[in-house]
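First up is the structure itself, then whatever we jot down about it.
The values are calculated or read from the model by the stated rules, or taken from the named source; none is laboratory data. Keep in mind that what you see is a predicted model, and the values were worked out from it rather than measured. Cβ coordinates were reconstructed from backbone atoms using ideal geometry, including for glycine residues, and neighbour counts include every protein chain displayed.
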Amino acid sequence: MTYTTLHRFKDVQGYESVITPENSTVEHMEFGRILVDGGTGMNGSLEGKEMALVIMEGDMDVHVSFKGQEYDYKGITRGSVFDEKPTAIYLPPHCEYSIVSQNGVEVRTFCAYCDDGNEPYLCTPDNVEEGIPGAEKWRRKYRFIFGPKGMHNDHVTQKLIVGESVSRPGGWIGFPGHKHDIVADNEYPLDEIFSFKVKGPKGGYVFAMSYELEPEKFAEVHLIEDDKYAMGIAKGYHTSLAAPGCTEFLLWGLAGDAKTYKLVYDERFDWMDHAEFMETF
């Protein structure tokens, strides 16, 4: 049995559905990608799901209609995901939206299933929480866009938790490996979806790993060689590693029955979560 599924983008103009419960092991969420050429636009609507739009690169104006109100978010831009914090937009169920771009835009999206939502919301880069946890090669940058209960922007979404991470060159993201797939005092089941970008002077790659310890031991490793992959994770510990000289960008989203964020680390390495320095030769 496969617990993680790897999906490749098809570069479809407009909205491309990439990961759903029908083609993966996740049950509570979806992932998609929007491409809009310069001088063009696209329209969409939502029923029975909420959506987070996260701009990857380019420019866009977004218009949203919801419960008789009109919302205009103009002049949204982003250059490099490695260097710049994102702009994101929350879209509730029962809304209609349109995106237009002057020079072209790539947007990646997460959806979670719910009947009711909050008002549309614009999250600007100065409203993204950023931190740098870890040490040595597992030190990385995280950016919380829409957090879980008790964390940054927890009032925006009903179900979705969304953020980004950036590795050091040749470094890890999400190490120690961690999981959230059972109900326990210190854990709550959430589906998770990763999507990637990889930067290297001459290209590069990332290893994305999902695994479990005894008695349900399994290991699944995916090779990410460019910017056109997403991965659905329903079970197991997960982490990722960039090749030496390469930097990994990771956009991640989670959803479950409730917006509860509790995870456990691989017990062999849980002490490293708070480590600051390790002597090396």
Quiz item: Looking only at residues in segment 18-32 that are surrounded by 15 or more Cβ atoms within 10 Å (Cβ to Cβ) and of a type in the set (S, T, N, Q), which one is nearest to the chain's Cα centre (by Cα)?
Solution: T20
Practice problem: Quick one: in segment 155-194, of everything that is part of a strand (DSSP E or B) and in contact with a Pro (Cβ under 8 Å, 6 or more places away or on another chain), which residue is surrounded by the fewest Cβ atoms within 10 Å (Cβ to Cβ)? | Solution: E164
Quiz item: Taking only pairs six or more apart or across chains, which ones have beta-carbon atoms under 6 Å, a first residue in segment 227-239 that is under 17 Å from W172 (Cα atoms), and a second residue that is part of a loop (DSSP other than H, G, I, E, B) and of a type outside the set (G, A, S)?
Solution: Y237/D266
Exercise. Return the only residue of K74, K10 being without any contact (Cβ under 8 Å) to a residue 24 or more places away in the chain, more than 24 Å from N153 (Cα to Cα) and among the basic types (K, R).
Key: K10
Practice problem: Can you confirm whether segment 224-241 contains a residue that is touching a Phe, Trp or Tyr at 6+ places or on another chain (Cβ under 6 Å), modelled with pLDDT of 95 or more and surrounded by fewer than 16 Cβ atoms within 10 Å (Cβ to Cβ)? | Solution: yes
Quiz item: Is it true that E22 is under 21 Å from G236 (Cα atoms), among the acidic types (D, E) and in a strand (DSSP E or B)?
Solution: no
Exercise. Identify, by number, the condition in (1) part of a strand (DSSP E or B); (2) without any contact (Cβ under 8 Å) to a residue 40 or more places away in the chain that K137 doesn't meet.
Key: (1)
